[in-house]
Amino acid sequence: MTKEVLDSLLSNLQEFFKDDYSGHDFNHTMRVYKLANNIAIQEHANLEIVSLAALLHDVDDVKLTQSINYQNARLLMNRYGIDKATQEEVIAIIQDVSFKGNQSKSPSTLEGKIVQDADRLDAIGAIGIARAFTFGGNHSRPLYNDEKPERNMDEASYRQHQSSTINHFYEKLLLLKDMMNTECARVLADQRHQFMVNYLEEFFDEIEGKK
Ligand code: ADP
Ligand code: NI
């Protein structure tokens, strides 16, 4: 991708995500793009494929758009003259990236594994905590309640489940570190995971008025 293509694609994406407050805004895409590129350099992956898949991974998300057959990603790639073989590789990655409870899939290519790792890393750590509470506020969820967290849900139950934001940590966020595909991401995930564990400890101590 030339600098001109990248700049133009970024401004298209900025426009596309401008009204999103569901946790999939433009900054999420940029963080996934940067993280995926850093991992790709260390893992010697194809940077063009990783960049395109990271930048386009949410443009056809069912939560954001009615698009069918990845038409938004295809439209953008056609606009920039990306060849068909590259397009198909990118689409195959986007299909497998999303978290689907216990039906989650690991992409078959190294490039796909990296983009999935980067997307999942952005759901944990300091940013992950902020995104979770933003999502919870947006969906009128309580910070926490007495309900027991579910840990092993299929995709439909995961999507429908209306849990408190703290329960979301147990249903998803704390599971992600063991779902990383690449060694590089595992190291980053361990640090982000530990940060969340410490955060939860503080959180529960404060609920009990211990601190
Ligand atoms: P994906 O990006 O894999 O499609 P989601 O749409 O489930 O995942 O999540 C987008 C962001 O919103 C993530 O940071 C995720 O952790 C957060 N999120 C999703 N569901 C909840 C929930 N029930 N409570 C709090 N945060 C959530
Ligand atoms: Ni994403």
- Any chance region 85-96 includes a residue that's closer than 30 Å to Y199 by Cα and away from ligand 2 (no atom under 13 Å from the Cβ)? no
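Per-residue answers, yes or no, for (1) touching a Gly at 6+ places or on another chain (Cβ under 7 Å); (2) among the hydroxyl-bearing types (S, T, Y); (3) surrounded by fewer than 21 Cβ atoms within 10 Å (Cβ to Cβ):
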position: V32; (1), (2), (3): no, no, no
position: I41; (1), (2), (3): no, no, yes
position: E48; (1), (2), (3): no, no, yes
position: H57; (1), (2), (3): no, no, no
position: Y70; (1), (2), (3): no, yes, yes
position: L110; (1), (2), (3): no, no, yes
- Query: With respect to the numbered conditions (1) touching a residue at least 12 places away in the same chain (Cβ under 8 Å); (2) over 14 Å from the mean Cα position of the chain (by Cα), which one is the sole condition not fulfilled by S140?
  - Reply: (1)
- Taking only pairs six or more apart or across chains, which ones have beta-carbon atoms under 9 Å, a first residue in region 77-92 that is among the charged types (D, E, K, R), and a second residue that is outside any helix (DSSP H, G or I) and surrounded by fewer than 17 Cβ atoms within 10 Å (Cβ to Cβ)? E89/N46
- Search region 190-201 for residues that are touching a residue at least 60 places away in the same chain (Cβ under 8 Å) and pair each with any residue that is charged (D, E, K, R) and part of a helix (DSSP H, G or I) when their beta-carbon atoms are under 8 Å apart and the residues are at least 6 apart or on different chains. R192/K177; H193/K177
- Just for region 124-159: of the residues that are assigned to a loop (DSSP other than H, G, I, E, B), surrounded by 15 or more Cβ atoms within 10 Å (Cβ to Cβ) and not hydroxyl-bearing (S, T, Y), which one is farthest from ligand 2 (Cβ to nearest atom)? P149
- Query: Applying the selection to region 48-102, what residues are on the phi > 0 side of the Ramachandran plot and within 12 Å of ligand 1 (Cβ to nearest atom)?
  - Reply: G101
- Query: Got a number for residues in region 92-123 being over 21 Å from Q71 (Cβ atoms) and either part of a loop (DSSP other than H, G, I, E, B) or among the aromatic types (F, W, Y) (or both)?
  - Reply: 10
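Values quoted throughout were computed directly from the atomic coordinates according to the rules given, and no laboratory measurement underlies them. Keep in mind it's a predicted model, so treat the numbers as computed, not measured. Note that each Cβ is placed from the backbone with ideal geometry, even for glycine, and that neighbours are counted across all protein chains shown.
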